[in-house]
1. What fraction, in whole percent, of alpha-carbon pairs in region 2-82 exceed 17 Å separation?
2. Using the basic label-point model (7 angstrom from Cα toward the beta carbon), what is the F10 to R61 distance in nanometres?
3. In the chain, if the dipole is taken from +1 on Lys/Arg beta carbons and -1 on Asp/Glu beta carbons about the Cα centre, which of L19, V29, L82 is farthest to the positive end?
4. Multiply the residue separation of L19 and A69 by 0.36 nm, subtract the distance between their alpha-carbon atoms, and state the gained length in nm to one decimal.
5. So, R0 is 41 Å and r is the distance between the beta-carbons of V83 and R53; what FRET efficiency does that work out to, to 0.05?
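Laboratory data are not the source of any read-out in this text; all were calculated from the coordinates shown. Worth saying up front: this structure is predicted, and the values here are computed from it rather than measured. A quick note on method: Cβ atoms are made from the backbone with ideal geometry, for glycine too, and the neighbour counts reach across all protein chains shown.
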Amino acid sequence: MRLASLPYAFALAGLVGGLIWMWLAPKHVEPGTVAVAGALLVAALERLVLPERWAGMLLTRRRLPDVMALAALGVGILAVALVLPATS
């Protein structure tokens with residue numbers, strides 16, 4: 001089912017968009033990092049609420065380990081983005 005790939009595509013697009021945003025200039029590192037963290041948290045939310053047949057490639061293990069791994073990465077990256085000093 002092709003629609004099952006959409007949640008993964010949204011998460012991947014957010015990650016790539018955040019990385020490109022950071023790559024543009026040093027002043028964009030903080031918002032780009034927040035975008036990457038947001039994409040991971042959206043992926044965790046998608047994995048939590050979507051049934052398994054719609055989760056597509058976000059489905060690697062059971063639901064709880066998938067959600068915990070994505071949420072932990074998202075929160076960790078968000079914490080680093082908010083704690084580190086901004087570059088100019």
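1. Percentage above 17 Å: 45.
2. Taking the two extended label points, one gets 2.4 nm.
3. Selected residue: L19.
4. Length difference between fully extended and current span is 16.0 nm.
5. Working: r = 39 Å, r/R0 = 0.95.
For V83 and R53, the calculated efficiency is 0.60.
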